Amino acid sequence: MPSQDSKKNFALLRDRILGRSGKDYWRSLEEFVDAPEFEEFVKREYPDHAETWDDSLSRRNFIKVMGASLALAGLSGCVIQPPEKIVPYVSQPEGTLPGRPLFFATSYSIGGVAMGLLAKSYDGRPIKIEGNPEHPGSRGATDVRAQASLLDMYDPDRSQHVQFRAEPRSWADFQTAFRAAIDQDRPNGGAGIRFLTETITSPTLIDQFKRLQAELPQAKWIQYEPINNDNALAGAKMAFGSTAQPIYHFEKAERILSLDDDVFSGFNVAYLKDYAAGKAWSPEKTDINRLYVVETTSTLTGAKADHRIAVKPSQLTEVAKAVAAKIGVGGATSTYTDNGKWIDAMTRDLMANKGKSLVVAGRTASPVVHALAHAMNNALGSVGQTVTYAEPFSPGTDRAQTDQLRDLVTDIENGLVKTLVIMGGNPAYNTPNDLRLDFNRLNTKVPLRVHLGSHYDETADICHWHVPEKHYLESWADGRAYDGTVTMTQPLIDPLYDSYSKYELVQLCFKENFDKKDYDIVRAFWQTQNVSAPAAVATTAAAANTARPTAASPANNASSNNANSAPASGTTAAGRGSQANTAGSAPAATSANAATAFEDRWRKYVHDGFVGNSAATAKTVTANSAFLSQPQPSQPAANGDLEILILPDPNVYDGRFANNGWMQELPKPLNKVTWDNVGLVSPKTAEKLGLNQSNRAEEYVGGDHGIAFINTKGTNQFSDTVDLTYQGSVIKNVPMWITPGQPDDTITIFLGYGRKRAGAIGNDIGYNVYDVRPSTALDFGTGSVKKTGEQVTISSTQIHFNMEGRDILRSWDLEAYNADTKMGEQEDMYPKSLYPYEQHQETYEHHHRWGMTVDLNNCVGCNACVIACQSENNIPVVGREQVDRHRMMHWLRIDAYFGGPDINQPNGPHFQPILCQQCEQAPCEVVCPVHATVHSAEGLNDMVYNRCVGTRYCSNNCPYKVRRFNFLLYQDWDTPQYKLMRNPEVSIRSRGVMEKCTYCTQRIAAARIEAEKAGLSKVPDGEIVTACQAACPTNVFTFGDMNDPESQVAKIKKNDPRDYKVLNELNTQPRTTYLAELRNQNKEMPDYLNPETPVGENLSQSPNTL
Amino acid sequence: MVMVVVLAGVAFYVYTQVARSSYLTGRYLEKQQPVQFSHKHHVGDDGIDCRYCHATVETTATASMPPTQTCMNCHSQLFSDSPYLEPVRASFRENKPIEWERVHDLPEFVYFNHSIHIAKGVGCSTCHGRIDEMPAVYQENTLQMEWCVACHRDPQNKIRPKSEIYNMEWQDDDLTADERTQLAKDYKIRDRVMLTSCSTCHR
């Protein structure tokens, strides 16, 4: 909100312009003058701060108080330290050293896919999530959700005790009441009992349900999750006659076609690692993979595509058929005629790489598309090469989840359900609007409703009993990774609250032995399993292993680092036992030592975080294309002129992260929107509908060597809101966002917002799509929009997409680059400096010279690094209003620039992570009046928080705009949960202090101290892994000592000709350098951009379409 | 004009003296502890090694306070009915930690690491003084940055052989300046620029 002052200033400005320049000029400036915020956004890094005052204290009063306190200001350094206590253990658990973090293998499951993690425990408190380098689904990296899941555990809004009709009760009360209800139904075989869960792959839980089936044969278990695999499983059934789960091997795929599959936003960082291995360029490996994407909205995968077309969701099936027909899938005919050349050339390329190509189909694509993808992979000889199949890991997949839910609703309406046990998920919020499990439906029909969940959410609200669920860092569990590898979850901390797990709740239904802890349940199950001699090891596991040397070298670094500081990662969190026995898998156990053999085995499972060689056995299936002659299910009735596509939100997903401040504030990968969901619309359609037209969108800027960047400059600064009708239901006030790359006449809306009972952070943000999402059109359908005439401001962290003609992001054509790798050479500006610099250089020569490279070629913009940085460095969440003023605090941001000469057919956006460049000649340092930012001997641009007085000169002088200022007291000093969560190795910054990336100086210090204690004069390469580097699934970041010629970073900087400095002309001599992105274009494609064509000329002819 | 300058000078001098006074730094201030524990008795009279209680001083950032268990190792036998030790026994009985008053308290933005100082030949008494002569421990030095940096600038003045780290009677001039300079080389102590870089202590 602009204040009165700024309004007045702009009114003056407007008058002046009016007076001088006449009517025409006025018109062109009208928007500009009416939009002071816009002007401020582009011109200043921190808009508005001069005009606004957030505290109740007025500015004038503040100055008065300051005047008085100035007299004492000199004494501010001599504060007496407040008295502190030291509280040692009574008896110290073996293996713990106070102040020395330990790493424990655990795992996190979402959508039925488990990812192996190492959780860092500092004096018993989990404070950071890392990937488990040994786990096949993680290989040392994590995704953004796993990183953010830490904050969920410390969420102060979690429910803290068992409740009955919102009244506190004890677990014993619940046990009695619940068991009474179960017992009542026992004579009927549990006919009135229904369990509703999300997708479950946990072998223990599946076993529990199986055993429960024997006691209560009539009880039913329903799995429903709003974002599920129904289409993929139905497609597999069509193609193979039975369900099967494809497991991809991107590392072997040289040509990849994605049919609307957003692989890079999936749960599985192993795929990202594999893709990055194929995409990686080095002077030794100049061949890289090629990614074709046909998609229905702009996604991360589309952003990375070498060739991409956008089609309407309804067209996708026909496009897939057209592609299939060309590839030679029998019986495939298509009505789709556009993009013929594109499909021709693309399919020729796929077929030329038989056995090395791969077709993948996306979750929202219809079953036919999935079936076609299987048939195409078959025709391309990919099966067994780039794709293998396995039995689905979750039981009951022969019935689609939506149908399972429909059965449940039918049973409820027929009064058959006496006890409904909802474990996890939030069905009162996220079920389709015609199958909504809401109060009206359940109230009179289901006499007992039980909810197990981490929050007292929408579903808890409609249930009699609410039982708090343990966070995964508090509980024992197991699950399966993407390839079926059994993955263990162990707790890092005793439950913060009186909470329970699914296992414990299900156990209550048994007649005997019902009161068991999750540890005993999971352990007992594995005692019955003999996995030491697994059935034929799946090819998938082998494939994952072969990919490792190329793909995962930083992951190996991470492992060695972790190994150093995690001597006792095998101890259980409960403190039992000391060192894990890592005696390999149990040898053939004789009956005499079976117990110890199991103990060894169990310890190894828990220590490793997974069961070795437990990946799924490959399933042999043969695709046939008979399904093409089957009648197709009819598309939902058309009732509107637009197509609406529904996707999970990239951050809050299906709504489960709605109360996670990190996720809410995280800029969405493609449009950098925070704290909101928007509706995406293409530039053409926006013009047609008159949306967001108050600022002109289009502006081109030429780049080097064949890439131009489109700037959607300020277009979306003011978003028009619309009332959106989907399948006859209306969502009010959807803010629209113009997105280049969105297909015309298609609007994408996002799930997960509009929650009413998420908690203090997530309530009442955005619009709720579930209210209009019927079970007949879960993913897309037709609809219409009506402009409301109102505008809202969306908090986006990147409004200015203009590189202003500077050489900031490089994205080059692969072939042109391979022909001339010298094309990007930069002039060394060093000799031009007026100031003598030898003294500093001499210092740097004698110390570590920390440096980093950022490989833009591999970056897919997944945001994992941003949250990893936030978690590692105690970066606060500032809230929507502050983001609006551009006061977000992320030390690492990912900038996105669209490329190409046509705003309607862009490529990208291309991603560029920007963190402090650690300039050797840092412009920020020379302007600091109090020496709060100075260089260290190792060349780090140190930020000394306790010296900073907050002049912000440094930020003003930083050309990379990476400094962040605590305008207000953003840190929450009071909430006890957050105190537990913070990294004690990093200062917590208060109001009035500048902060920025330090290359994780705490990790550097820890490694340096360990190395020096070991008598080394240098820290060995790979010992220091920065938080962003550790999290990155695609090996974008490389960090190390540039003075060590054997270090990876030195080798890259020396040998990789793609290496360049951003804003080299300023002679800041940044330690962080970038490696150019390469696009492996196919020359035969109609959208091939000739790198020889001077881009500027192209641009002047491009039609002004918006 | 002269008066103003003189007054300002005097004011500054007073300020520096106040800032360094033990009133503000807590230097020489004995603290009342929940247990009347005497280092003079345990270290000076009994000759118990520092590391018996401060066990992690060589491995982690903190020297660490001993768990009650460590006290009970001896005091389940010795003076097992002394009223002075009742808080210790109570702690052990009730599984409730003893809450000690912190004597050496650095600000939160300083990341001091004991283990590296031990590894580089800085002895206990260099910073903590003659603990073996203190019935109640007090802070021997100001712990102000100027005091830290004095040694970080010229570390060779304050180091000793590894064998003497825990020797309370060690004096800096027990070795000649040359011997100490050689020691600094042997320990591979980093140069002044490195040791006085901000990020060496502040993160």
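Please report the spacing between the Cα centers of region B:146-169 and region A:151-206 in Å, no decimals. Value for the Cα centre distance between the two parts: 62 Å.
Across region A:230-396, the relative contact order, built from alpha-carbon pairs under 8 Å that are at least six residues apart, equals 34 percent. Radius of gyration over Kirkwood radius for region A:862-941, both on Cα atoms: the Rg/Rh ratio is 1.08.
Here the label points at A:Ala214 and A:Leu969, each 7 Å from Cα along the C-beta direction, are separated by 6.0 nm in the simple model. Residues in region A:754-762 carry Karplus couplings, in order, of x, 7, 9, 10, 7, x, 5, 8, x Hz; the curve used is 6.51 cos²θ - 1.76 cosθ + 1.60 with θ = phi - 60°, and Gly or Pro positions show x. Taken one residue at a time, the phi angles of region A:453-470 give Karplus couplings (6.51, -1.76, 1.60, θ = phi - 60°) of x, 6, 10, 7, 9, 4, 6, 4, 5, 9, 10, 5, 9, 10, 10, x, 9, 5 Hz. Gly and Pro are set to x. Once the gyration tensor of the Cα atoms in the protein assembly as shown is diagonalised, the equivalent ellipsoid follows with semi-axes of 51, 42, 31 Å, ordered largest first. Charge tally for B:Gln144 (other residues, Cβ to Cβ under 10 Å; Lys, Arg +1; Asp, Glu -1): +1. Amide H to amide H distances under 5 Å link A:Ala114 with A:Arg480, A:Ala481, A:Tyr482, where only residues 5 or more positions off or on other chains count and H is placed in the peptide plane. When the protein assembly as shown is described by a simple charge dipole with +1 on each Lys and Arg Cβ and -1 on each Asp and Glu Cβ, the residue from A:Gly766, A:Leu505, A:Cys954 located farthest towards its positive end is A:Leu505. Close amide-amide hydrogen proximity is noted between A:Gly192 and A:Lys418, each under 5 Å apart and 5 or more residues distant or on a separate chain (H modeled in the peptide plane; Pro and chain starts excluded).
Per DSSP helix of 4 or more residues, -39500 (n - 2.57); summed, then divided by the residues of the protein assembly as shown. What does that give at 222 nm, rounded to the nearest 500? When only DSSP H runs of four or more count, the value is -9000 deg cm²/dmol.
Quick check on region A:1018-1067: take the gyration tensor over C-alpha atoms, sort the square-rooted eigenvalues as a ≥ b ≥ c, and tell me if it's rounded (a/c under 1.5), prolate or oblate. Judged from the Cα gyration tensor, region A:1018-1067 comes out oblate (a/c at least 1.5, b/c at or above a/b). Residues A:Met376, A:Met888 in ascending order of nearby Cβ atoms (within 10 Å, fewest first): A:Met888, A:Met376. Each of A:Val1049, B:Val193 was scored by other Cβ atoms within 10 Å of its Cβ. Listed from fewest to most, they are B:Val193, A:Val1049.
Here the spin labels are modelled as points 7 Å beyond Cα on the Cα-Cβ line, and at A:Gln905 and A:Asn593 they lie 7.0 nm apart. For region A:392-406, putting each phi into the Karplus relation 6.51 cos²θ - 1.76 cosθ + 1.60 with θ = phi - 60° gives couplings of x, 7, 9, x, x, 6, 6, 10, 4, 4, 5, 5, 4, 5, 4 Hz, in residue order, rounded to whole numbers and with x for Gly and Pro. Taking amide hydrogens as placed 1.01 Å from N in the peptide plane, the amide H of B:Ile189 sits under 5 Å from that of no residue at least 5 positions away in sequence or on another chain. Annotation for A:Asp338 and B:His41: the two label points, set 7 Å from Cα along the Cα-Cβ direction, are 9.0 nm apart. For region A:815-870, the list of GluC sites (Glu not before Pro) that fall in a loop by DSSP and count at most 15 other C-beta atoms within 10 angstrom reads A:Glu825, A:Glu827. For region A:105-207, the set of trypsin sites (Lys or Arg not before Pro) satisfying both a DSSP loop assignment and a count of at most 13 other C-beta atoms within 10 Å is given as A:Arg165. In region A:230-396, one over the average inverse separation of all distinct C-alpha pairs is 15.8 Å, which is the Kirkwood hydrodynamic radius. Put simply, the Cα atoms of chain B extend 70, 46, 33 Å along their principal axes, the longest span coming first.
Here the calculated FRET efficiency for A:Ser242 and A:Thr528, from their Cβ-Cβ distance with R0 = 41 Å, stands at 0.90, rounded to the nearest 0.05. If the chain linking A:Thr410 and A:Gln175 were pulled fully straight, counting 0.36 nm for each residue of separation and taking away their Cα-Cα distance, it would gain 81.8 nm.
Here the residues B:Asp173, A:Asp902, ranked from fewest to most Cβ neighbours within 10 Å of their Cβ, fall in the order B:Asp173, A:Asp902.
For region A:739-898, a simple Cβ point-charge model (Lys and Arg +1, Asp and Glu -1, everything else neutral) yields a dipole of about 1060 debye relative to the Cα centre.
Each value in this text was obtained by applying a stated rule to the coordinates, not by laboratory testing. Here the structure is a predicted model, which is why all the values come from computation and not from measurement. Cβ sites come from the backbone with ideal geometry, for glycine too, and all protein chains shown count toward neighbours.
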